[in-house]
Amino acid sequence: MYFSHALEIWHQFPQLVPGLLVVDGIHPQVDIETQLDAWYQRARERLSRGPESQMPEISAWRQVYAQMGLKPTKYRSAAEALLRRFRREDELPRLHPLVDFCNAVSLAFALPVAVFDLVKVEGYLEVRYAKGTEEYLAFSGETETPQPGEVIFADAANHAHARRWTFRQSRRSTVGPKTTHMLIISEALHRSAATDIQALIDVLAKEITALWSPPRYQAILTAEVPRLEFE
């Protein structure tokens with residue numbers, strides 16, 4: 001199995017910095033309240049200095065969405081959507097300890113963090129432009145077909161596991177109570193993306209090691225090394 005970005009993505013967005021982890025042995029029987037409180041507080045401090053739309057990390061994603069021909073205030077990156085909700089409610093729904101922790105870190109870094117159940121992914125996961133034949137399972141249970149040219153996360157079975165890049169993940173590969181084998185991905189495009197993605201991935205690796213077990217794979221991808229292969 002492997003994860004990669006298509007060369008066309010690197011050509012259009014050379015400022016992209018993706019970081020990822022492959023983790024095993026995850027289970028929901030852990031207490032993460034202390035960790036959540038710390039990262040929620042960091043997010044509150046950032047939001048107290050100004051709206052999420054002015055954060056360089058969010059601004060960069062807005063520019064990318066505009067570049068893709070999407071209205072940034074209609075289709076928001078996952079990080080911006082989380083920050084908006086957190087600013088209103090000062091809390092996020094609890095889904096699964098690992099997902100909850102990744103969401104808290106996403107808030108603090110203002111960067112999208114996606115978690116995929118690898119058992120539900122066929123062969124590989126590639127960020128690429130849609131052909132218009134892929135199938136996306138929405139949370140409503142309906143099957144959608146991404147538009148040709150839309151940036152999606154696609155696998156070998158022609159499933160779209162996320163639409164409009166980081167806008168919305170598919171129901172097909174979301175994490176559940178029995179999920180143990182996961183891929184965690186964060187992507188950034190702002191000026192300090194390389195430093196911030198490395199810091200984010202290091203934080204996730206350290207906390208996952210403390211709460212569960214060390215990640216099996218950890219990587220920062222580049223246009224020169226755009227693929228991580230793993231078992």
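The values are calculated or read from the model by the stated rules, or taken from the named source; none is laboratory data. These numbers come from a predicted model, not from an experiment. When we count neighbours, we look across all protein chains shown, and the Cβ atoms used for this are built from the backbone with ideal geometry, even at glycine.
Which pairs have Cβ atoms under 8 Å, sit 6 or more apart or on different chains, and link a residue in region 183-212 that is assigned to a loop (DSSP other than H, G, I, E, B) to one that is of a type in the set (Phe, Trp, Tyr)?
Correct list of pairs: 189/13; 189/61.
Determine which single condition residue 155 fails, assuming it passes every other condition in (1) under 14 Å from residue 21 (Cα atoms); (2) surrounded by 13 or more Cβ atoms within 10 Å (Cβ to Cβ); (3) touching a Gly at 6+ places or on another chain (Cβ under 9 Å).
Result: residue 155 fails condition (1) only.
So residue 139 fits all but one of (1) modelled with pLDDT of 95 or more; (2) aromatic (Phe, Trp, Tyr); (3) on the phi < 0 side of the Ramachandran plot; (4) in a loop (DSSP other than H, G, I, E, B); what number is the exception?
Of (1) modelled with pLDDT of 95 or more; (2) aromatic (Phe, Trp, Tyr); (3) on the phi < 0 side of the Ramachandran plot; (4) in a loop (DSSP other than H, G, I, E, B), only one is false for residue 139: (1).
Does region 213-231 hold any residues that are more than 16 Å from residue 9 (Cβ to Cβ), of a type outside the set (A, V, I, L, M, F, W, C) and part of a loop (DSSP other than H, G, I, E, B), and which are they?
213, 214, 215, 216, 231
Would you say residue 50 is more than 29 Å from residue 120 (Cβ to Cβ) and part of a loop (DSSP other than H, G, I, E, B)?
Numbers: more than 29 Å from residue 120 (Cβ to Cβ): yes; part of a loop (DSSP other than H, G, I, E, B): yes.
Considered against the rule, which asks whether it is more than 29 Å from residue 120 (Cβ to Cβ) and part of a loop (DSSP other than H, G, I, E, B), residue 50 comes out as yes.
Counting only residues that are within 19 Å of residue 186 (Cα to Cα) and assigned to a helix (DSSP H, G or I), how many does region 12-33 have?
The total comes to 1.
It is to be established whether one or more residues within region 180-188 are out of contact with any strand residue (DSSP E or B) (no Cβ under 6 Å at 6 or more places or on another chain) and under 25 Å from residue 122 (Cβ atoms). Reasoning before the result, please.
So in region 180-188, the residues out of contact with any strand residue (DSSP E or B) (no Cβ under 6 Å at 6 or more places or on another chain) come out as 180-181.
Next, from what is left, pick out any that are under 25 Å from residue 122 (Cβ atoms): 180-181.
Yes, that holds for at least one residue.
If you check every pair at least six apart or on different chains, which have Cβ atoms under 6 Å apart with a residue in region 58-74 that is over 13 Å from residue 12 (Cα atoms) first and a residue that is buried (at least 17 other Cβ atoms within 10 Å of the Cβ) and among the acidic types (Asp, Glu) second?
As it stands, the answer is 58/52; 58/80, since those pairs meet every condition given.
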